[in-house]
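Comments concern the structure below.
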Amino acid sequence: MGRHFILSWLATCLSLATATNLYATHYDGSVYSLSLQRSDNDTYSLSIASSLKTCGSMPSWLTFDSASRTLYCSDESGDASTNGSLTTLAADQDGTLTEIATVAAPGGGVHSVFYSGDDGTQYLAIAHYGGSAMSTFRLPLDQGALQVFRYTLSKTKQNPQQDAPHPHQVILDPTGSFILVPDLGADLVRVYAIDKSTGQLDGACPDLTYPEGSGPRHGLFWQENSIHTSQLKARQQDTQVLYIVNELDGHFQGFTVSYTSDGCLSFDEFQSFEPYTDGQLPDGATPSEIRQAGDSLYVSIRSDQGFSPNDSMTTLDHSSNGTVTLHELTSSYGKVPRTFVINQAGDLVAIGDQSSSNVAIVARDPQTGKLGDEVANVQIGEPGVVGTSTGLSSVVWDE
């Protein structure tokens, strides 16, 4: 009777709650596995399930391959003269993490993206902020870098954050044929064509250049909801729309991107504004991450104290001609939202607040795109100091 009661109680508990895994990195040298529990009455709880000391001394970014259940973790330690690392981690269904391999990589790794070759071979491209470089690796990770591109400045710049080239992101275009690299230090978006037969990148294409002091940080290509990936690849000669947010001058910019006959890209700017109330960011506030879900765009704003003591998330409405307008500001539920990710269902947003070192889960209406209230929150590691590489560094959904 006792055993039967316990089994029935366990079955009832399982039916009343479901769990989703997330993973986060902290500059304390750990990768954390998080468990988001959802009950039948739509209440949530978020907790740390486990942690693992791995990914060098400054884990900064996670990219998750759901097919192989592998996390790729970039280490931001190192600079242009010293190496950091790239670590692969196996993620069990329950979120347990196991280190698989670590290889040397240029210093300062801050972002990565997958791309593919003709034969289905997978590759990973990495932006190295402190290392003034971009690297590529063939997957699975069993050897060193396939390519390393190292950058220098042709002239000294006035902004202290532009003391050297600082690639901050790597973006795969919708056709899977180009890698773009926003470089905050050099005021460029670097353009590389992918050689599908080898996985190597060709840097012969012209860059997208910015006025000095712009500091392009992160961007994305607009994805039409009705167009599937296979159709996008067939539309290579059509135009695409690229959005970039700049850390230094605070602007959001829209570009029409055309595929040219010489196998490169051309860019035509059609919009530029500061994505904030009255079109002006507060002093010291900077855009950080940009994401799309459905017909809405979102930009996290660091250090604006818009919901004091917390910072802000900006929701932007997208029109049929590609221009966007400010819809509203909502709370990031923490300080310095370095990054955020939207789940596949589009009903939850995980915000990684760096300096308060917390992950906030916020409700999202998939129909309207409106961000709602915080439904769960967890503190991870020690808080960071604003303006330094301390605190929480990234978060990603397990899906």
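The values are calculated or read from the model by the stated rules, or taken from the named source; none is laboratory data. Just so it is clear, the structure is predicted and the values come from calculations on it, not from any experiment. Reconstructed Cβ throughout: ideal geometry from the backbone, glycine too, with neighbour counts over all protein chains shown. For accessibility, only protein heavy atoms count, side chains too; no ligands or nucleic acids. Shrake-Rupley method; radii C 1.70, N 1.55, O 1.52, S 1.80 Å.
Using a probe of 1.4 angstrom and keeping all protein chains present, the accessible surface of the range 243-380 works out to 36 square angstrom per residue.
Which entry in (1) 77, 51, 44; (2) 59, 52, 43; (3) 78, 46, 45 is this structure's computed Cα extents along the principal axes in Å? Computing Cα extents along the principal axes in Å and matching it to (1) 77, 51, 44; (2) 59, 52, 43; (3) 78, 46, 45 gives (1). In terms of packing, defined here as the mean over residues of other Cβ atoms within 10 angstrom, the peptides 210-219, 124-133 line up highest first as 124-133, 210-219. Here the gap between Gln122 and Asp262, fully extended at 0.36 nm per residue and compared with their Cα-Cα distance, gives a gain of 47.8 nm. Note on the range 157-197 and the range 271-312: Cα centroid distance 22 Å, given to the nearest whole angstrom.
Label positions at Ala67 and Gln158, each projected 7 Å from the Cα along the C-beta direction, are separated by 4.9 nm. In this simple spin-label model, placing a label point 7 Å from the Cα along the Cα-to-Cβ direction at both Asp94 and Thr368 gives a separation of 4.1 nm.
For the set Lys53, Lys155, Lys196, Lys335, the ranking by accessible area, highest first and with no ligand, DNA or RNA atoms included, is Lys53, Lys155, Lys335, Lys196 under a 1.4 Å probe. The long axis of helix 2-16 is offset from the longest Cα principal axis of the chain by roughly 30 degrees. Remark: the range 50-137 carries 33 Å² of accessible area per residue (probe radius 1.4 Å; ligands, DNA and RNA excluded). The apolar share of the surface of the chain, taken as the fraction of accessible area on carbon and sulfur atoms (1.4 Å probe, ligands and nucleic acids excluded), comes to 49 percent.
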